[in-house]
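The values are calculated or read from the model by the stated rules, or taken from the named source; none is laboratory data. A quick note: this is a predicted structure, and the numbers were derived from the prediction, not measured. As a convention, Cβ positions derive from the backbone with ideal geometry for all residues, glycine included, and neighbour counts pool all protein chains shown.
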């Protein structure tokens, strides 16, 4: 089953996975010992699994691309830097700005990235894909924090 998701991710987002700035995320930790790069990949797989379990009709390409770019803020938020103090509230906006510079996004992908921290940032997800990202991100974050992997 996992290979099915890996194939879909590669089919729809090989340009994202191989982009220089995306690859740079391997050096920044997200939760525990999981890099941002692998976190976003895990979130993508989790969102695809949820959509299958719930039998939702969604735009899988947008789901995959939005998930992979949801934390595209391109800095180490653990560094002691004043600009990172409110990371939980501000990084979705920064990720969207960066993603729009490097990739062509549709309205679903934009909403996914911008609202993925709901309810923390009070931006309401408009699409099923956005809600799936919110759920998958929280599930993955908990797993990564508890397992420290």
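Quick check, is residue 5 without any contact (Cβ under 8 Å) to a residue 24 or more places away in the chain and either touching a strand residue (DSSP E or B) at 6+ places or on another chain (Cβ under 9 Å) or more than 20 Å from residue 91 (Cβ to Cβ) (or both)? No: the conditions fail for residue 5. Is it true that residue 142 is surrounded by fewer than 15 Cβ atoms within 10 Å (Cβ to Cβ) and under 15 Å from the mean Cα position of the chain (by Cα)? Against the criterion (surrounded by fewer than 15 Cβ atoms within 10 Å (Cβ to Cβ) and under 15 Å from the mean Cα position of the chain (by Cα)), residue 142 qualifies. When segment 100-120 is filtered for residues that are surrounded by fewer than 17 Cβ atoms within 10 Å (Cβ to Cβ) and over 19 Å from residue 14 (Cα atoms), the ones remaining, listed by number, are 107, 119, 120. Select from segment 33-47 the residues that are part of a strand (DSSP E or B) and either surrounded by 21 or more Cβ atoms within 10 Å (Cβ to Cβ) or at pLDDT 95 or above (or both) and list them in ascending order. Matches in segment 33-47: 34 only.
Residue pairs whose Cβ atoms lie under 8 Å apart, separated by 6 or more positions or on different chains, with the first residue in segment 38-55 and without any contact (Cβ under 8 Å) to a residue 40 or more places away in the chain and at negative phi and the second crowded, with 19+ Cβ neighbours inside 10 Å and part of a helix (DSSP H, G or I), are 40/25; 40/67; 40/68; 40/69; 41/9; 41/68. Each residue in segment 1-32 was checked for being modelled with pLDDT of 90 or more, assigned to a loop (DSSP other than H, G, I, E, B) and surrounded by 14 or more Cβ atoms within 10 Å (Cβ to Cβ), and 1 pass.
For residue 98, the conditions (1) farther than 24 Å from residue 147 by Cα; (2) at pLDDT 95 or above all hold with the exception of (2). Checking segment 74-92 against the condition returns no match, with no residue being surrounded by 12 or more Cβ atoms within 10 Å (Cβ to Cβ) and at pLDDT 95 or above.
Just to verify a result, which residue in segment 121-133, among those that are modelled with pLDDT of 85 or more and touching a helix residue (DSSP H, G or I) at 6+ places or on another chain (Cβ under 7 Å), is surrounded by the fewest Cβ atoms within 10 Å (Cβ to Cβ)? For segment 121-133, the residue satisfying everything is 124. Take residue 50 and decide whether it is modelled with pLDDT of 90 or more, under 16 Å from residue 138 (Cα atoms) and more than 12 Å from the chain's Cα centre (by Cα). Yes. Residue count for segment 53-75 satisfying the condition of being part of a helix (DSSP H, G or I), more than 12 Å from the chain's Cα centre (by Cα) and closer than 17 Å to residue 26 by Cα: 0.
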